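To start, the structure under review is shown below, and the notes come after it.
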Amino acid sequence: MSGGVTCLSTIVEVRAALDEARARGARVGLVPTMGALHEGHCSLIRAARAENDVVVVSIFVNPTQFGPTEDFTKYPRDIGADVRVVDEAGGDLVFNPSAEEMYAGDHSTWVDVQGLTDGLCGRSRPGHFRGVCTVVTKLLAICQPERAYFGEKDAQQLAVIQRMARDLNTRTKIVACPIVREADGLAMSSRNIRLSPESRTQAPALNRALRVAQTLVAAGERRSSVVDKAIRATLAEAPLGEIDYVEIVGAENLTPVETIVGTCLIALAVRFGDVRLIDNTRVTA
Ligand code: PAF
């Protein structure tokens with residue numbers, strides 16, 4: 001597994017390759033992705049490279065985490081380009097299974113984290129986290145990594161996976177990596193390339209709104225209602241964006257707070273046509 005990336009598409013092959021690496025004493029790091037890799041993913045791969053001997057990047061557009069009206073079929077896919085990105089970022093192995101490989105036969109087991117998945121994206125995407133948790137559990141079982149890397153842009157996903165790993169006594173350490181942004185502040189996302197030019201121009205309003213919120217909290221504002229209003233006023237500068245949610249929640253339990261005390265997560269979801277963007281920041285008061 002040196003000198004270029006090895007691409008495998010079956011569970012048997014990836015298990016054999018990683019068992020062989022572990023038998024040599026190698027530590028395995030896993031970066032789960034759905035492809036359409038960008039600089040945000042590269043930062044995860046580089047973090048994995050720095051801490052492990054073998055870096056596996058899974059590329060699988062997981063059908064079970066998309067709702068019936070969501071963008072599963074439109075989700076960008078370019079495995080050739082993705083493998084080049086993995087290579088340049090320092091990954092060793094790409095695991096690119098088919099849906100039949102991952103959900104073979106009469107698949108009937110699901111992993112559901114309760115409570116943390118009720119609000120935010122869980123409210124607007126019913127079943128989404130069940131699909132995410134199930135596929136991540138399967139990827140952890142297949143690759144048995146020492147560490148698995150997730151981005152803080154998907155803050156609820158990260159919190160849910162951390163809880164799942166804790167509750168299921170998973171050996172793998174879940175590693176959180178910071179949000180990577182474009183020069184104009186837009187959080188990097190595989191979905192950004194699907195924005196129309198006009199929407200792309202307006203989309204940095206999400207990050208501006210979060211910065212307005214940070215400034216207010218830093219100046220002593222503690223009322224969520226006031227911060228919420230300021231966020232919405234900034235998002236109004238992006239008239240093509242339709243707000244899905246603006247939420248200020250406790251960073252641990254993800255439930256809405258009226259008063260900002262301790263560490264809170266401010267999270268946004270905004271739709272530009274059929275492209276749904278999310279972003280977030282943490283504030284501490
Ligand atoms: O964040 C993603 O890209 C996906 O939700 C994940 C974690 C790879 C599971 O399909």
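The values are calculated or read from the model by the stated rules, or taken from the named source; none is laboratory data. Since the model is a prediction, treat every value here as computed from it, not as a measurement. Counting neighbours? That spans all protein chains shown, and the Cβs are built from the backbone with ideal geometry, glycine included.
Annotation: LEU30 fulfils all but one of (1) modelled with pLDDT of 95 or more; (2) crowded, with 16+ Cβ neighbours inside 10 Å; (3) over 24 Å from LYS153 (Cβ atoms); the unmet one is (3). One residue alone among GLU258, GLU198, GLU221, GLU182 is touching a strand residue (DSSP E or B) at 6+ places or on another chain (Cβ under 8 Å), among the charged types (D, E, K, R) and more than 30 Å from VAL28 (Cβ to Cβ), and that residue is GLU258.
Take LEU216 and tell me if it is in contact with a Ser or Thr (Cβ under 6 Å, 6 or more places away or on another chain) and farther than 16 Å from ARG271 by Cα. No; evaluated as a whole, the condition is false for this residue. Checked against (1) closer than 19 Å to LEU277 by Cα; (2) under 16 Å from the mean Cα position of the chain (by Cα), THR69 passes all but condition (2). Residue-level analysis places LEU120 outside the set of residues that are away from the ligand (no atom under 11 Å from the Cβ) and under 28 Å from ASP19 (Cα atoms).
Across the stretch 48-63, a minimum of one residue is classified as touching a Lys or Arg at 6+ places or on another chain (Cβ under 6 Å), crowded, with 18+ Cβ neighbours inside 10 Å and in contact (Cβ under 8 Å) with a residue 24 or more places away in the chain. Only one entry in ALA183, ALA209, ALA141, ALA213 is in a loop (DSSP other than H, G, I, E, B) and more than 16 Å from the chain's Cα centre (by Cα), namely ALA183. If the condition is being surrounded by fewer than 13 Cβ atoms within 10 Å (Cβ to Cβ) and more than 28 Å from SER43 (Cβ to Cβ), then the stretch 74-106 contributes GLU100, ALA104, GLY105, ASP106.
Mind listing whichever residues of the stretch 123-138 are within 12 Å of the ligand (Cβ to nearest atom) and either assigned to a helix (DSSP H, G or I) or free of Cβ contacts under 8 Å to residues at least 24 places away in the same chain (or both)? Residues satisfying the conditions are HIS128, PHE129, ARG130, GLY131, VAL132, CYS133, THR134, VAL135, VAL136, THR137, LYS138.
For every residue, the table says whether it meets (1) in contact with a helix residue (DSSP H, G or I) (Cβ under 9 Å, 6 or more places away or on another chain); (2) within 30 Å of THR137 (Cβ to Cβ); (3) β-branched (Val, Ile, Thr); (4) at pLDDT 95 or above.
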position	(1), (2), (3), (4)
THR170	yes, yes, yes, yes
ALA176	yes, yes, no, yes
GLY185	yes, no, no, yes
ALA209	yes, no, no, yes
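Looking only at residues of the stretch 149-180 that are assigned to a loop (DSSP other than H, G, I, E, B) and among the acidic types (Asp, Glu), we find that the one that is farthest from the ligand (Cβ to nearest atom) is GLU152.
Out of VAL85, VAL5, one residue alone is within 29 Å of ILE193 (Cα to Cα), within 16 Å of the ligand (Cβ to nearest atom) and touching a residue at least 12 places away in the same chain (Cβ under 8 Å). It is VAL85. Residues that are more than 15 Å from the chain's Cα centre (by Cα) and among the β-branched types (Val, Ile, Thr) within the stretch 41-63 comprise VAL54, VAL55, VAL56, listed in sequence order. Among the residues of the stretch 72-96, those identified as in a loop (DSSP other than H, G, I, E, B), under 23 Å from GLY29 (Cβ atoms) and within 19 Å of the chain's Cα centre (by Cα) are GLY91, ASN96.
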